[in-house]
Structures are given as C-alpha cells and as structure tokens.
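This report concerns only the one structure given below.
No value in this document is a laboratory result; all are computed from the given coordinates. Everything numeric here is computed off the predicted structure, so don't read it as measured data. Because the Cβ atoms are built from the backbone with ideal geometry, glycine has one as well, and the counts that use them run over all protein chains shown.
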Amino acid sequence: MHKTKKTILTALAVILLLAATPAFAQLAGAWAGVGAGSAHPPGTVIYPWQEWKGEIPNSQDAFKGEWCDEQGNKGIFKGEINWISITEAVCKGSWYWYDPAGISAKPVYGGDFKMTFYVFGGDCKGTWTSIWPSPSAVGTMKGYKVE
C-alpha cells in the first residue's frame, strides 16, 4: 500500500504540474485590432494599422499580416518575435503600403513597428513610426487574439 500511495502522489504531482503549465496560453493563431495615427506619403494621407489582422505561427517567432484604412489604402506588416518573459513577447518589424500610384505591385516600405503581446490577457499593444512626415510622429495600435 505504501508503494501505491507514492505512485498516486507522484502522479498527482505530475498532473498538477502539467495543469499549472500555460499550454493554453499560446501566442500562435490569428490576431486582430485597430490603430490610430496617420502617415503622409507625397500627395496623400494614409492611416496605417487603422484596421489590421495578423497571424503568429506555431513556432511563435514571427508576426505578419495586413492592414487597411477607411480610405481604401492597404498594406502588410511582418516582424520577428522575441520573448522577454514567460508572459510577454515583443515583435519588432516593418510595415508596408501598396501605393496605388506606384510603378510596382510590390508594397512600399512605410516604417517600423513594435508590438508587445501579453500571453495571459490574449491582447497586445504597440507603436509604429513612418518614414514620411506626419503630425502624429508615432502611431499606436492594439489588438486581441481571435482564436
């Protein structure tokens, strides 16, 4: 009976340890959100990150997606994720704009961004900058995990 108690206690300890592990708290999956601020490429005004959706792969080392604004402008973003703790990860990357007057179908580099993901809250917030002059030197964005 003594050996059975030890086995049961060991099994219980393993179960409790596994339950305490935040396996459910993954960044991988779809994310969506909104942003504020404007950028002023020559001859127009765009609102990067006004609405955005992104994806983090199972490897949880990258973040990429698309943004659009109410004026019909759109673009993409992509970056690398670095874990700063077991509860927070930071993505630094670049965002791009599809210039409708451009000579190429490729998006134009618009600036950089930094997004902080909060594992247990399932939310994120960040800032972006533009290569073009802008009244809002730094734009903002926030979001949440969709799935």
Quick check: the distance between the Cα centres of region 97-147 and region 37-76, to the nearest angstrom? 5
Viscosity 0.692 mPa s, temperature 37 °C: what is the translational diffusion coefficient of region 27-145 from Stokes-Einstein with a Kirkwood Rh over Cα pairs, rounded to a whole number of µm²/s? 231
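Calculate, for Glu147 and Thr87, the FRET efficiency according to 1/(1 + (r/R0)^6) with r their C-beta to C-beta distance and R0 22 Å; round to the nearest 0.05.
On the way: r = 20 Å, r/R0 = 0.90.
Here the calculated transfer efficiency is 0.65.
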